[in-house]
Amino acid sequence: MTAVRTAEPPPLPVRTKSAAGERGWGGVSPMLTRLAAERATGILVRERGTLHLAEGQVVHAESPYAPGPDTLLTAHGTLAPVAWQRALTEADDGDDVGRRLVDGGHLASGALEMCRLTALYDAAYFALAPSSTPGRFRYGTAHPLGPVHPVPVAALEHETLRRRDLLHRIWPDPRTDEAPLIRADPVAAPALTRRQRTVLDLVNGVRTAPDIARELGRPAFHTLVDVRRLAVAGVVSPLPPPPPPTGPEQLPPDPHTILLKRLRDALEAL
């Protein structure tokens, strides 16, 4: 019998019912909660993404960690890339790019709505990640993709917390979400799904999970799930950070040593 060894996950924290109860609506972003209560319209800019609000509800989200609707629509042939680019180029400020695509027969309205909501929740997961910098809100700015079925802030925060918990249950080490990924070498390779193999094929020590999602034209959160399951299986791991310099040759030169050398050089030149 061949034993399969997998990496040991970090210890799970103890979760209490009282702590879980405190994570209700408003626990993700107090500023977003206040803007929802004010029925504000504009853009909330956070460290990892932006949320577009209309009358206190979220109608669009963007994040550099999540593929946008254009990638999700064009990656698998749902929409021709040239059609998207033409609609985006011809649209004026505040014009509805999505309506142009539907009216032009390039896209069904249901497919557009589903793609927008998928991209919204995907980007919002990253935009609402814990941040060390405060958010900024700009009032009265419309998004050029046009209106989408609005998502209440309470529903968005609930889904964000659900996704965090799901990832933590799969594999509690968040480094796999952002670090470049490398292949591990298990004693015996476990059976993988076709979806997991597709993700694993793009692991090259440089790409991160969001990079792989963009390459595949898939939502980034779905790729995070796949990557964490691959980490559980022991076939991928985050690239370790470079070790800090420890040798004396890597330390900054001592000022007294430099001064003595200059004096010695000057004496030798006399």
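Any idea which of (1) modelled with pLDDT of 95 or more; (2) closer than 19 Å to F221 by Cα is the one S131 doesn't satisfy?
(1)
Within the stretch 56-89, track down each residue that is among the β-branched types (V, I, T) and free of Cβ contacts under 8 Å to residues at least 24 places away in the same chain.
So in the stretch 56-89, the residues among the β-branched types (V, I, T) come out as 58-59, 71, 74, 78, 82, 89.
Once the filter is applied, which keeps residues that are among the β-branched types (V, I, T) and free of Cβ contacts under 8 Å to residues at least 24 places away in the same chain, the stretch 56-89 yields V82, T89.
In the stretch 50-80, which residue that is buried (at least 22 other Cβ atoms within 10 Å of the Cβ) and in contact with a Phe, Trp or Tyr (Cβ under 8 Å, 6 or more places away or on another chain) is farthest from T160 (Cα to Cα)?
Checking each candidate, the answer is L73.
Could you tell me whether any residue of the stretch 128-148 is more than 21 Å from the chain's Cα centre (by Cα), farther than 28 Å from V227 by Cα and among the charged types (D, E, K, R)?
Scanning the stretch 128-148, I find at least one residue that is more than 21 Å from the chain's Cα centre (by Cα), farther than 28 Å from V227 by Cα and among the charged types (D, E, K, R), so the answer is yes.
Among the residues of the stretch 215-222, is there at least one that is at pLDDT 95 or above and among the basic types (K, R)?
Yes, the stretch 215-222 has at least one match.
Show the residue pairs meeting these rules: Cβ distance below 6 Å; 6+ apart or different chains; first residue within the stretch 186-208 and within 12 Å of D226 (Cα to Cα) and not assigned by TED's automatic domain parsing to the domain that holds R228; second residue exposed (fewer than 12 other Cβ atoms within 10 Å of the Cβ) and among the hydroxyl-bearing types (S, T, Y).
That search, which allows pairs on different chains as well, returns nothing.
Scan L112, L107, L88 and give me the residue that is more than 23 Å from T33 (Cβ to Cβ), touching a Gly at 6+ places or on another chain (Cβ under 7 Å) and in the same structural domain as E62 (by TED's automatic domain parsing). Walk me through it before giving the result.
On the way: L107 fails: touching a Gly at 6+ places or on another chain (Cβ under 7 Å); L88 fails: touching a Gly at 6+ places or on another chain (Cβ under 7 Å).
L112 is the lone residue from the list that is more than 23 Å from T33 (Cβ to Cβ), touching a Gly at 6+ places or on another chain (Cβ under 7 Å) and in the same structural domain as E62 (by TED's automatic domain parsing).
Taking the stretch 46-67, which residues are over 20 Å from P210 (Cα atoms) and of a type in the set (A, V, I, L, M)? Walk me through it before giving the result.
Our first condition is that a residue be over 20 Å from P210 (Cα atoms); within the stretch 46-67, this holds for 52-59.
L53, A54, V58, V59, listed by residue number.
Listed residues L156, L181; which is crowded, with 20+ Cβ neighbours inside 10 Å, modelled with pLDDT of 95 or more and in the same structural domain as L224 (by TED's automatic domain parsing)? Give the derivation first.
Details: L156 fails: in the same structural domain as L224 (by TED's automatic domain parsing).
The match here is L181.
Select the strands (runs of 3 or more DSSP E) contained entirely in the stretch 1-92, then report the ones holding at least 3 residues which are more than 22 Å from R218 (Cβ to Cβ) and modelled with pLDDT of 95 or more. Quick ask: steps written out before the conclusion?
Values: elements: 42-46, 49-54, 57-62.
Ranges flagged: 42-46.
Residues E38, E47: which one is among the acidic types (D, E), in contact (Cβ under 8 Å) with a residue 40 or more places away in the chain and surrounded by fewer than 16 Cβ atoms within 10 Å (Cβ to Cβ)? Before you say what the answer is, go through the steps one by one.
Working: E38 fails: in contact (Cβ under 8 Å) with a residue 40 or more places away in the chain.
Being among the acidic types (D, E), in contact (Cβ under 8 Å) with a residue 40 or more places away in the chain and surrounded by fewer than 16 Cβ atoms within 10 Å (Cβ to Cβ) holds for just one of E38, E47, which is E47.
The values are calculated or read from the model by the stated rules, or taken from the named source; none is laboratory data. Predicted, not measured: the structure shown is a model, and the values here were computed from it. Cβ atoms come from the backbone with ideal geometry, glycine included; neighbour counts cover every protein chain shown.
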